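Remarks on the structure that follows.
The values are calculated or read from the model by the stated rules, or taken from the named source; none is laboratory data. The structure displayed is predicted, hence computed values, not measured ones. Cβ: placed from backbone, ideal geometry, glycine included. Neighbour counts: every protein chain shown.
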Amino acid sequence: MDGSGTADQVERAAQSPGVSTAGATHTREVDPLTVTRRLQREGRWYGQIELERDEMMRMSKKRFPDKASRQQWVYGELHRMYPPIQNGKISHSDAGQIQGLSAIPDAWPELPANASLAAEVAWVQANRLRIVEERSSGATLVHLARALSPAPSWAALGWLETSIRSYAKYVDVAAKATASGDDEALVWRHERMAIVEVERLLDEMREDEG
């Protein structure tokens with residue numbers, strides 16, 4: 001899998017205003033465990049965000065002297081780039097350069113947090129060309145009202161966001177999802193990965209405290 005897009009994003013983030021390349025003092029202070037659990041709960045962790053975290057941790061070793069500073073910068077940036085979903089809407093107005101992603105049509109029912117991964121990916125595949133408009137300015141406009149059917153979950157909108165920000169990574173995830181017909185096994189795997197990730201973070205935090 002090509003990580004060049006993520007690497008470029010890390011470099012741009014490190015050079016952006018408010019982020020010091022000499023330390024993490026200007027980065028928003030966040031709890032890494034809280035950020036991870038929130039993104040998992042919102043169905044946005046698996047795929048692009050998880051890969052970005054790994055790449056950012058690797059590249060930040062060149063910029064930050066200790067693990068605690070690296071974690072604070074990486075998770076602060078993830079919190080900034082992927083802010084919380086509040087009252088069923090992404091808390092910033094246009095999801096960066098993506099507009100309309102949180103404009104849920106009135107006709108849609110209340111969306112659950114998650115559905116099966118296969119159903120979420122299938123919805124994105126069926127609707128992406130109908131609802132995503134890429135403009136010459138570089139902005140992307142999402143017309144959810146044009147979808148053939150309501151999204152099966154909020155996580156499906158997260159996968160749509162991933163497909164816009166990094167289509168190659170989305171295709172890789174979609175291929176793996178459609179290759180397996182065992183949705184229960186996929187759900188179990190995701191739950192297990194979430195537990196392992198939380199345990200890993202706790203271990204790292206204990207090491208830092210020691």
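So, in region 94-117, how many residues would count as being of a type in the set (A, V, I, L, M) and in contact with a Leu (Cβ under 7 Å, 6 or more places away or on another chain)?
Total meeting the criteria: 5.
With respect to Thr21, is the statement that it is at pLDDT below 85 and surrounded by fewer than 19 Cβ atoms within 10 Å (Cβ to Cβ) true?
yes
So which pairs qualify, if the first residue must be in region 147-169 and in the same structural domain as Arg41 (by TED's automatic domain parsing), the second must be modelled with pLDDT under 85, the Cβ gap must be under 7 Å, and the two must be at least 6 apart or on different chains?
Filtered contacts from region 147-169: no entries.
Take residues that are buried (at least 16 other Cβ atoms within 10 Å of the Cβ), over 18 Å from the mean Cα position of the chain (by Cα) and at pLDDT 90 or above and tell me which of the helices (runs of 4 or more DSSP H) falling wholly in region 85-187 contain 1 or more.
117-131
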